[in-house]
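Here is the structure we will look at, set down as structure tokens.
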């Protein structure tokens, strides 16, 4: 194992251990959430349509500063997309305002961008995006502690399952990248999630025939959704999972 890999594993262990905010999950069977980060228009126009065709809904982590722009992921979401995805029953969540990494950034600056992004989305949609995802999957000890106190949940990019208790300050999630040849990997995650009776989160970015390295093809998404439902798992947005968990804790 390279020194870089060793350092990465050490960082992940540290981040997963400190400033935890555990909550017991209430699912009586395995649950899966599909998330789209940033988000490119294809995540909604293609990815959202696939989920809806199966009667499922996803969670969209939006950085409002990207609205109406273009980058390597393609055209980013528009104002109309936000209204449409909410009308379709998808969840809108926060991803800072300017898609800022917390690494190499003063905590006060990062915290301010988190607050700005949340407030901006709430202002234009009338809904408070209480769930958050760290841009680039970057998380620091200070950011996990500070931002975790302000959001209902914070999602990272560390793989694995959320079970038996989910860390609300750093939800685990697994990348859904590439084409259908990656389906065996996603099916393996689904099989393990069944064994753990846990909450499995997938995340991706663009959804198109020739995706970037951070996106997936429509075929991979469609077959993963289909495989999820074939196992009898529920597919629900992040907020709905946490609402059920809170109701269970309050009962």
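Here residue 74 clears all of (1) in contact with a strand residue (DSSP E or B) (Cβ under 6 Å, 6 or more places away or on another chain); (2) buried (at least 20 other Cβ atoms within 10 Å of the Cβ); (3) closer than 22 Å to residue 221 by Cα except the condition numbered (2). Within the range 166-210, being more than 23 Å from residue 29 (Cα to Cα), under 18 Å from the mean Cα position of the chain (by Cα) and without any contact (Cβ under 8 Å) to a residue 40 or more places away in the chain holds for one residue alone: 177.
Residues are listed down the side, and each one gets a yes or a no for (1) modelled with pLDDT of 95 or more; (2) on the phi < 0 side of the Ramachandran plot:
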{"position": "3", "(1), (2)": "no, yes"}
{"position": "15", "(1), (2)": "no, yes"}
{"position": "23", "(1), (2)": "no, yes"}
{"position": "42", "(1), (2)": "yes, yes"}
{"position": "49", "(1), (2)": "yes, yes"}
{"position": "89", "(1), (2)": "yes, no"}
{"position": "94", "(1), (2)": "yes, yes"}
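Of everything listed in (1) in contact with a strand residue (DSSP E or B) (Cβ under 9 Å, 6 or more places away or on another chain); (2) surrounded by fewer than 22 Cβ atoms within 10 Å (Cβ to Cβ); (3) without any contact (Cβ under 8 Å) to a residue 40 or more places away in the chain; (4) on the phi < 0 side of the Ramachandran plot, the single unmet condition for residue 68 is (4). Considered as a group, the residues in the range 192-230 that are modelled with pLDDT under 95 and part of a loop (DSSP other than H, G, I, E, B) include one that is surrounded by the fewest Cβ atoms within 10 Å (Cβ to Cβ), and that residue is 197. Among the residues of the range 158-185, those that are within 17 Å of residue 203 (Cβ to Cβ) and in a helix (DSSP H, G or I) comprise 182, 183, 185.
Residue 49 meets the conditions (1) part of a helix (DSSP H, G or I); (2) within 30 Å of residue 146 (Cβ to Cβ) in every case but one. The failed one is (2). Criterion first (in contact with a strand residue (DSSP E or B) (Cβ under 8 Å, 6 or more places away or on another chain) and either crowded, with 21+ Cβ neighbours inside 10 Å or within 24 Å of residue 9 (Cβ to Cβ) (or both)) does residue 166 satisfy it? So residue 166 fits the description; yes.
Restricted to the range 119-143, and to residues there that are in contact with a strand residue (DSSP E or B) (Cβ under 7 Å, 6 or more places away or on another chain) and crowded, with 20+ Cβ neighbours inside 10 Å, the residue that is farthest from residue 31 (Cα to Cα) is 121. Of the residues screened, residue 55 is one that is on the phi > 0 side of the Ramachandran plot and exposed (fewer than 13 other Cβ atoms within 10 Å of the Cβ). Once the range 144-153 is narrowed to residues that are farther than 22 Å from residue 82 by Cβ and surrounded by 15 or more Cβ atoms within 10 Å (Cβ to Cβ), the residue that is farthest from the chain's Cα centre (by Cα) is 146. Here 11, 20 are screened, and the one residue that is touching a residue at least 24 places away in the same chain (Cβ under 8 Å) and out of contact with any helix residue (DSSP H, G or I) (no Cβ under 6 Å at 6 or more places or on another chain) is 20.
Among the residues of the range 102-123, those identified as in contact with a helix residue (DSSP H, G or I) (Cβ under 7 Å, 6 or more places away or on another chain) and under 25 Å from residue 83 (Cα atoms) are 114, 117, 120, 121. Is it the case that residue 86 is more than 15 Å from residue 168 (Cβ to Cβ), more than 16 Å from the chain's Cα centre (by Cα), buried (at least 22 other Cβ atoms within 10 Å of the Cβ) and free of Cβ contacts under 8 Å to residues at least 60 places away in the same chain? Taking the combined requirement at face value, the residue does not satisfy it.
The values are calculated or read from the model by the stated rules, or taken from the named source; none is laboratory data. Note that the coordinates shown come from a computational prediction; the quantities given were computed from them, not determined experimentally. Neighbour counts are summed over all protein chains in view; Cβ atoms, including those assigned to glycine, are modelled from backbone coordinates with ideal geometry.
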